[in-house]
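Step one of this worksheet: look at the structure below.
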Amino acid sequence: MELTRYVSIGQYLPRDSVVHRLDPRTKIGVTTLLMVVIFVIADFTGYGLLAASLVGLFLLAQIPLGYAARGLRPILFLLLLTFVLNLFFSGLREGTPLVRLGPLVITSEALSRAAFISLRLVLLVVATSLFTYTTSPMALTDGMERLLRPFRRIGVPGHELAMMMSIALRFIPTLLEETERIMKAQMARGAEFQRGNLLRRARAMLPILVPLFVSAFRRADELALAMEARAYRGGEGRTRMKELAFAARDAVAWIVSVFATAVLLASRWLGLP
């Protein structure tokens with residue numbers, strides 16, 4: 001029951017790769033464009049090309065592909081639920097009927113739709129995992145703050161929002177470790193989390209929530225006290241040891257990403273194959 005082995009969100013893997021050296025603002029922008037592309041693509045061919053591109057990016061970032069596969073394990077239940085719901089309740093009655101279960105009919109079109117939506121979810125998780133693998137929490141904070149800086153004129157607290165996001169990502173592995181510790185302590189006292197049906201397992205998880213919330217609030221209070229003890233007063237007037245700066249590799253990444261997105265959107269709107 002090692003939860004931290006299977007959750008990729010919030011984990012950073014330091015490598016000396018060109019992807020790691022990209023400006024965090026570039027990676028945020030490219031990831032956003034990638035999200036747009038994932039939702040725009042309307043066929044399996046496009047998703048196949050996108051999956052090949054993600055594999056190439058993982059290799060370029062020197063991240064083993066096993067990390068991407070391992071990061072999908074926590075969402076297996078969500079993937080299965082998404083597949084089943086789209087399979088039976090997508091409302092698609094066209095195509096060849098494959099299976100009849102009373103009033104429910106599984107058609108070839110519904111099967112294709114369920115597989116397509118599930119694949120979309122997988123690509124979303126893999127793409128965001130690559131972003132967190134190659135961007136440290138501090139770089140993410142700096143990038144988000146710089147992107148939100150123009151909105152300070154209308155009262156948007158860019159530094160505070162970026163800091164909150166960074167802290168949330170940073171504490172995901174910590175909370176998972178705390179959850180695992182609580183579960184092992186309760187298992188030593190006779191609790192069972194791996195037996196019984198789904199409802200019984202969900203009910204067995206309820207006693208974990210109270211100590212987990214208490215621990216989370218305690219850690220938040222300790223973090224606030226530590227920041228106050230160090231005279232933290234927000235982003236006003238703060239300086240950085242390393243200032244963000246765009247390089248030639250960032251320009252190349254932007255050009256390739258914008259061009260690929262523009263071509264895809266144009267082909268979709270014009271109805272090209």
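Okay, here's what the table says:
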{"item": "Positions within segment 119-155 being of a type in the set (Phe, Trp, Tyr) and more than 19 Å from Gln11 (Cβ to Cβ), in sequence order", "result": "Phe151"}
{"item": "Test for Phe88: is it hydrophobic (A, V, I, L, M, F, W, C) and over 17 Å from Val126 (Cα atoms)", "result": "yes"}
{"item": "Residue list for segment 69-80, restricted to those being within 30 Å of Pro14 (Cβ to Cβ) and assigned to a helix (DSSP H, G or I)", "result": "Ala69, Arg70, Gly71, Arg73, Pro74, Ile75, Leu76, Leu78, Leu79"}
{"item": "Subset of segment 1-29 [of a type outside the set (A, V, I, L, M) and either outside the structural domain of Ala61 (by TED's automatic domain parsing) or at pLDDT below 75 (or both)]", "result": "Glu2, Thr4, Arg5, Tyr6, Ser8, Gly10"}
{"item": "Segment 168-181: number of residues that are among the aliphatic types (A, V, I, L, M) and farther than 17 Å from Ile28 by Cβ", "result": "3"}
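Rundown of residues vs (1) more than 15 Å from Leu124 (Cβ to Cβ); (2) touching a residue at least 12 places away in the same chain (Cβ under 8 Å), yes/no style:
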position: His20; (1), (2): yes, yes
position: Asp23; (1), (2): yes, yes
position: Val30; (1), (2): no, yes
position: Ile41; (1), (2): no, yes
position: Thr45; (1), (2): yes, no
position: Ala52; (1), (2): yes, no
position: Pro64; (1), (2): yes, no
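Conditions (1) buried (at least 16 other Cβ atoms within 10 Å of the Cβ); (2) assigned to a loop (DSSP other than H, G, I, E, B); (3) at pLDDT below 85, marked per residue:
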position: Leu57; (1), (2), (3): yes, no, no
position: Ile63; (1), (2), (3): yes, yes, no
position: Tyr67; (1), (2), (3): yes, no, yes
position: Glu94; (1), (2), (3): no, yes, yes
position: Ser118; (1), (2), (3): yes, no, no
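The values are calculated or read from the model by the stated rules, or taken from the named source; none is laboratory data. Please read these numbers as outputs of a predicted model, since none were measured by experiment. Virtual Cβ from ideal backbone geometry, glycine too; neighbours counted across all protein chains shown.
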